[in-house]
1. Using the C-alpha atoms of the stretch 1-84, what convex hull volume per residue, in cubic angstrom, is computed?
2. For a footprinting-style exposure proxy, rank 53, 4 by other Cβ within 10 Å, fewest first.
3. Taking the mean number of other Cβ atoms within 10 Å as a proxy for protection, how do you rank 33-43, 114-124 from highest to lowest?
4. Compute the distance in nm between two label points, each set 7 Å from the Cα along the Cα-to-Cβ direction, one at residue 38 and one at residue 63.
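Bear in mind that the values in this text are calculations on the coordinates, not laboratory data. Note that this is a predicted model, so its numbers are computed, not measured. Neighbour counts run over all protein chains shown; Cβ positions are idealised from the backbone, glycine included.
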């Protein structure tokens, strides 16, 4: 892009669908809809951060230099405005999530916790006959 566009969070909140997905990392805006299916952590990670400042989430994961270089192809502008107040506005179109991608995003722990709780409950019911 020859000239950077300066986005506001109001504009970005409207760009949060799987077909038109934007997020902010370190003040730079990236259009990542084309990367949804290829993202190693699954599409849900990107959809959750859609239309808001994803810097903290991005840095917490510890992305490689290769990932940082790859993301430059999705750069579309800047967002110098502070993070929006209140919860982000996220619009999700009806989609078919790939279960294997959802498990990859959290290393399987997102699924394991409810499963462990269910197993504990069923064990309690079985052993104590409640």
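1. Taking only Cα atoms, the stretch 1-84 has a hull volume of 89 Å³ per residue.
2. Ascending number of Cβ neighbours within 10 Å: 4, 53.
3. Taking the mean over residues of other Cβ atoms within 10 Å, the ranking is 33-43, 114-124.
4. 1.3 nm
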